[in-house]
Every structure is written in C-alpha cells, then in structure tokens.
1. Scan (1) closer than 30 Å to residue 109 by Cα; (2) over 21 Å from the mean Cα position of the chain (by Cα); (3) touching a residue at least 12 places away in the same chain (Cβ under 8 Å) for the single condition residue 234 breaks and write down its number.
2. Give the residue that is surrounded by the most Cβ atoms within 10 Å (Cβ to Cβ), with candidates limited to residues of the range 122-149 that are assigned to a loop (DSSP other than H, G, I, E, B) and in contact (Cβ under 8 Å) with a residue 24 or more places away in the chain.
3. Just wondering, is there one or more residues in the range 203-214 that are surrounded by fewer than 16 Cβ atoms within 10 Å (Cβ to Cβ), part of a strand (DSSP E or B), over 21 Å from the mean Cα position of the chain (by Cα) and modelled with pLDDT of 95 or more?
4. Just to verify a result, which residue in the range 101-125, among those that are modelled with pLDDT under 95 and in contact with a helix residue (DSSP H, G or I) (Cβ under 6 Å, 6 or more places away or on another chain), is farthest from residue 272 (Cα to Cα)?
5. Can you tell me which residue is surrounded by the most Cβ atoms within 10 Å (Cβ to Cβ) among those in the range 249-268 that are part of a loop (DSSP other than H, G, I, E, B) and at pLDDT 95 or above?
6. Just the residues that are touching a strand residue (DSSP E or B) at 6+ places or on another chain (Cβ under 6 Å) and either part of a strand (DSSP E or B) or surrounded by fewer than 22 Cβ atoms within 10 Å (Cβ to Cβ) (or both), please, taken from the range 36-51.
C-alpha cells in the first residue's frame, strides 16, 4: 500500500502577510506545495490530502488542485475552530486555530493507510521524501510505530526573524523528547538561540535535530490524537492562544510507552517563506534548482 501525503495548508499566513500557500514562487508560477507534491510522487506516495480553511476553498481548487489532475489522486478536508469533540463548544473569543495536531485530526475519515504530514509552506527536499516514503512502506505489526525526519536546525533558519521548531532528543535512533520552541532565531553573534519557559536564553548547536513537521504515522494515530485532544481541551479550552501541537501528542505517547518514533536522518536543507522578506531568496533558489536539472522546466 502506497503511503499518503497529508499537507497542512490551513495556516493563517499572518507573519507572511497573505495566503503564502497560494504564492507563486517557482519560475513557472509553482508554489512550494507543488515541489512537495512532485517530490512525493517521485518518491512513491500514492495520494495527497490537503487540510485547508473553508473560506479559501475556491481559490485553492482553482489555483492548486486543478493542476494535479491526472498526476495523483487528491482529497480536501477542512479545519475550523468549531470542529471539536462532543461536549465541547468553541469559546466566543477564540480566533486562533487549534494547532497542527487538530489539523491532522481532520484527516481521520479519508486516510486509511500510512501517511506523512508536512507543512504547505516548507520546502523539504527530495531526499527527505524518499527517506520517509521508504520507512512508511515497510510492514508493521503493532500500533504506535511512527517516524519523523530530523533536520539539523542550522539548515532550517531564516535571517529575517524567528522560527518555530520542535527541538528533538533521541537515543539509539528513537525520539526521546520533542519540545516545541516557537521563537528560535539568530542573536547578535549569529548563534542560534531561544528563550525557555523560565525566561532564560538557551543556545542550540547547528547540528541539533529539529522537527520540521515531517512526521510519519499509521491510522491508529488518529485515535490517540482524539483522546489527547480531549485532555488538552479540558485544560486549555479557555486559553485563547493555546495550541494542540503534534509534538505535544508525540511527547505524551513516548512517555507513556504507547509509541516509538524512529528519527530518520537527512542532509536536506529547508527553506520557506516564514516572512515576506524571505520571498526573494526562495524565488532565486527555485530558479537555480530548475536550472541545474533538479526539477524539470514544468512540474505539472
């Protein structure tokens, strides 16, 4: 069974200043998602599922989905703040989405095979997709047998502000912890730093493995996620900015012994458009990747 690619494309794009998922960055108008879909198909994925917001569905279908016809089966699911378990009601003052793992939950009814989760606005590189496709294609005989692609944090930075990354620790190739750090940046000495929960500035070595939200799951992950989302809501439903992140669930399952997460190594270098100032550099990188033959003149 070929794995499915699950693309998280419901982000607000507030820091970038627009719907960056739909932004044309390649030399022929390609979006970052186009490169991910192309690399995923080449690596052996058999279906693509997008999670988006309902309010830009028509733009998304017109500009994005139409180009994949005849190349790969696609489906769309929707994330909204009122998509909550029975017994819970979204607070009236809640405007922020519930987070990445809530977005993942939206795929439960359409994904029945092993799947990889990616962000719509991150460029991961062909090697990363090949590595995770191979891992997801192997037989499994138990629940909670997951994986992730670990990027080196020094290969995932932008010069134009801070980034959010899941900082990882692993032992014998298995993830032992992942903590979401929402403001990793360069300091004045060009060291990579973040501020921890105690307000202390901490340095990260450039080789530190981080999650770029390139996760590999089997469908049992949806059941665990539903359970943990209820636990999250019981605690934080009235906290306006609280988010139900994938690393939160992963850390819980690792600590409980219900799951193991194999850390897959890649030397791929991330780039993306976290900020509007990132755009010119990304456009130049895509032009070079077409010029050197990494990608054909036209992807689709």
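1. Residue 234 satisfies all of (1) closer than 30 Å to residue 109 by Cα; (2) over 21 Å from the mean Cα position of the chain (by Cα); (3) touching a residue at least 12 places away in the same chain (Cβ under 8 Å) except (3).
2. 124
3. The answer is yes; a qualifying residue exists.
4. Residue satisfying both the conditions and the ranking: 120.
5. Selected residue: 259.
6. 47, 48, 49, 50, 51
The values are calculated or read from the model by the stated rules, or taken from the named source; none is laboratory data. These numbers were taken from a predicted model, which means no experiment stands behind them. Counting neighbours? That spans all protein chains shown, and the Cβs are built from the backbone with ideal geometry, glycine included.
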